[in-house]
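Chemist: Got a structure for you, written out below as structure tokens; questions coming shortly.
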Amino acid sequence: MTRAQKDDFVSLTEFLGNKIVRGTTLRQLGMAFDGWIEYANRQYNVFLETQDSTCLKEITGVIGEHYRGRANAHMTLVSNPQDRAKATLEIKPAIEILPGLPLDELTPDGAFLGGKRAAVFESKLSKPAYREFRHEMALYALTLESQRKRDVDCAIVLYSDPGGCNLFTFQEPIFDSYVNEIAKNLERFLSLAQISETIERENFKSRVVQRIKPGYKTWRHFLHRPQGLPEKTERQFCPSCKYRKRCHEDGGES
């Protein structure tokens, strides 16, 4: 979904041909946009399975025009129905960042897994320009490659313009350097979680004696700060980090 973190009100009366009720916030518009695109993707999957494009008429507004145009181009460029069916999108694929740990906040909108090379699909309310986007795509690629055994080398991104009049697409290459960086960070986090678990297991023994039940509301309450890290006052964060408020400004540092 789009990084729409604010609850600013939208002044538009319609977006991509869909009516917007007065009082709609940017966050609500982002959620509605996600729903419209998910519905369109499901209808397009029906088209690929049945080879009958009449189901695409159910998609309204600019989104419908976009997907019907895509279908016409698809049938022109790929004459074999079996080959076209390989473009079926797995919507919101179930993948775990680290199996066994509750890191499930990042969920790809879809994945193309039928071709020779797999690709991630993302829909955004506006063109993603935030710094972490490439790393998010690399994380998707890493988990899909690990759990689905597919090579993922790009992300296909569908987004709208600020006025909600058009849809656009672009391909974001997923470079090995980003994947390697994500893999190293996940290894560091897993090591930190394992160290914290060992420490908490020892602490649990004393809590059992005191009849205190274990429980952790946040990662901050569970994770233990290893020795050798910079002091809290010396740590920094990425200026565009979307977790800044949660982890840094709200006292989330451990």
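Residue-wise test of (1) in contact with a Ser or Thr (Cβ under 6 Å, 6 or more places away or on another chain); (2) over 24 Å from GLY163 (Cβ atoms); (3) surrounded by 15 or more Cβ atoms within 10 Å (Cβ to Cβ).
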| site | (1), (2), (3) |
| --- | --- |
| GLU49 | no, yes, no |
| THR54 | no, yes, no |
| GLU65 | no, no, yes |
| GLY69 | no, no, no |
| ALA73 | no, yes, no |
| LEU77 | no, yes, no |
| PRO81 | no, yes, no |
| THR88 | no, yes, yes |
| ILE91 | no, yes, yes |
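Chemist: Restricting to the range 1-23, give me the number of residues that are buried (at least 18 other Cβ atoms within 10 Å of the Cβ), modelled with pLDDT of 90 or more and either out of contact with any Ser or Thr (no Cβ under 8 Å at 6 or more places or on another chain) or not in a loop (DSSP other than H, G, I, E, B) (or both).
Modeler: Selection size over the range 1-23: 1.
Chemist: Under 9 Å between Cβ atoms, which residue pairs at least 6 apart in sequence (or on different chains) link something in the range 40-68 that is within 19 Å of GLN82 (Cα to Cα) with a partner that is basic (Lys, Arg) and not in a helix (DSSP H, G or I)?
Modeler: Sorted first by the residue in the range 40-68, then by its partner, the pairs are LEU48/LYS86.
Chemist: Looking for something touching a strand residue (DSSP E or B) at 6+ places or on another chain (Cβ under 7 Å) and basic (Lys, Arg) - is there at least one such residue anywhere in the range 61-73?
Modeler: Within the range 61-73, not a single residue is touching a strand residue (DSSP E or B) at 6+ places or on another chain (Cβ under 7 Å) and basic (Lys, Arg).
Chemist: Condition test on LEU158, is it under 27 Å from GLY17 (Cβ atoms) and either in contact with a strand residue (DSSP E or B) (Cβ under 8 Å, 6 or more places away or on another chain) or at pLDDT below 95 (or both)?
Modeler: Yes: the conditions hold for LEU158.
Chemist: I'd like the full set of residues that are modelled with pLDDT under 90 and of a type in the set (D, E, K, R), limited to the range 114-132.
Modeler: LYS116, ARG117, ARG131, GLU132
Chemist: Kindly indicate whether any position in the range 86-106 is basic (Lys, Arg) and either within 30 Å of ALA183 (Cβ to Cβ) or modelled with pLDDT under 90 (or both).
Modeler: Step one: filter the range 86-106 for residues basic (Lys, Arg), giving 86, 92.
From what is left, the residues that are either within 30 Å of ALA183 (Cβ to Cβ) or modelled with pLDDT under 90 (or both) are 86, 92.
Yes, the range 86-106 has at least one match.
Chemist: One residue is enough: does the range 56-66 have a residue meeting the conditions over 23 Å from the mean Cα position of the chain (by Cα), outside any helix (DSSP H, G or I), farther than 18 Å from LEU125 by Cα and among the basic types (Lys, Arg)?
Modeler: no
Chemist: Restricted to the range 142-185, and to residues that are in contact with a Lys or Arg (Cβ under 7 Å, 6 or more places away or on another chain) and farther than 30 Å from GLY61 by Cα, which residue is surrounded by the fewest Cβ atoms within 10 Å (Cβ to Cβ)?
Modeler: By that ranking, first place goes to ASP151.
Chemist: Would you be able to say whether some residue in the range 29-51 is aromatic (Phe, Trp, Tyr) and not in a helix (DSSP H, G or I)? Before the answer, list the steps.
Modeler: Just the residues of the range 29-51 that are aromatic (Phe, Trp, Tyr), to begin with: 33, 36, 39, 44, 47.
If we keep only those that are not in a helix (DSSP H, G or I) as well, we get none.
No.
Chemist: Out of (1) in a helix (DSSP H, G or I); (2) out of contact with any Lys or Arg (no Cβ under 8 Å at 6 or more places or on another chain); (3) modelled with pLDDT under 85; (4) not basic (Lys, Arg), the odd one out for HIS135 is which?
Modeler: (3)
The values are calculated or read from the model by the stated rules, or taken from the named source; none is laboratory data. Computed from a predicted structure; not experimentally measured. All Cβ positions, even for glycine, are placed from backbone atoms using ideal geometry, and neighbour counts span all protein chains on display.
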